[in-house]
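Shown next, in structure tokens, is the structure this report addresses.
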Amino acid sequence: MRASELVEQDCSIARPASLLGDPWTLVILRQAFSRVRRFDDFQSQLGISRSLLSARLGRLVDAGILRREPYKDQIRTRHEYRLTRKGLDLYPALMALREWGDRYMADEEPPIRLRHRDCGGEPRIHLTCDRCGADVGARDTEIAPGRRAGGLATLP
């Protein structure tokens with residue numbers, strides 16, 4: 001199977017991976033969550049080529065994750081890129097990836113720390129059962145068919 005075919009799978013992991021699996025896409029989203037909004041700011045902070053940045057921003061806009069908003073500079077009208085509700089809903093996924101990276105790939109100390117504005121605590125990703133409230137990890141779950149599944153559901 002080709003990576004381009006992942007979007008066609010009826011899988012809630014494969015489809016997002018087909019859109020978000022590119023490293024540049026993830027770091028563009030990281031910058032968007034850091035309140036970077038303008039093309040030139042993305043480009044200068046990331047050192048990405050203008051054509052690659054334009055393509056990745058276009059994909060995120062087409063997917064409804066970012067939206068373009070016009071603004072006028074001294075010369076012409078340009079666009080800012082702002083996270084949509086759909087984009088903001090990616091925050092926990094991106095923070096889970098950051099938390100994993102801090103644990104397993106940081107040299108000694110994590111490169112940044114996040115703080116809760118209200119109390120100064122550090123946010124953590126935490127999975128719980130929606131029914132009983134128990135902590136849930138990979139060994140605490142089982143795969144079951146969804147409403148549309150014709151047979152036994154499996155993770156790819």
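The values are calculated or read from the model by the stated rules, or taken from the named source; none is laboratory data. Everything numeric in this text was worked out from a predicted model, so none of it was measured. When we count neighbours, we look across all protein chains shown, and the Cβ atoms used for this are built from the backbone with ideal geometry, even at glycine.
Taking every residue in region 2-19 that is of a type in the set (S, T, N, Q) and modelled with pLDDT of 75 or more and pairing it with any residue that is surrounded by fewer than 11 Cβ atoms within 10 Å (Cβ to Cβ) and outside any helix (DSSP H, G or I), at least 6 positions away or on another chain, the pairs with Cβ-Cβ distances below 9 Å are Gln9/Met1; Gln9/Pro156; Ser12/Gly146. Applying a threshold of 9 Å to beta carbon distances and a minimum spacing of six or more residues, or different chains, the list of pairs starting in region 116-128 at a residue that is among the β-branched types (Val, Ile, Thr) and ending at one that is surrounded by 10 or more Cβ atoms within 10 Å (Cβ to Cβ) and assigned to a loop (DSSP other than H, G, I, E, B) reads Thr128/Val136.
For beta carbons closer than 6 Å, sequence separation of 6+ or different chains, a first residue in region 57-81 that is touching a residue at least 24 places away in the same chain (Cβ under 8 Å) and a second that is loosely packed, with under 10 Cβ neighbours inside 10 Å and of a type outside the set (S, T, N, Q), the qualifying pairs are His79/Pro70. When you look at Leu6, is it within 13 Å of the chain's Cα centre (by Cα), surrounded by 12 or more Cβ atoms within 10 Å (Cβ to Cβ) and under 30 Å from Arg147 (Cβ atoms), yes or no? No: the conditions fail for Leu6. Considering Gly146, Gly58, the condition of being under 18 Å from Arg15 (Cα atoms) and at pLDDT 95 or above is satisfied by Gly58 alone. One residue stands out in region 9-25 among those that are aliphatic (A, V, I, L, M) and surrounded by 17 or more Cβ atoms within 10 Å (Cβ to Cβ): the one that is farthest from Ala55 (Cα to Cα), namely Ala14.
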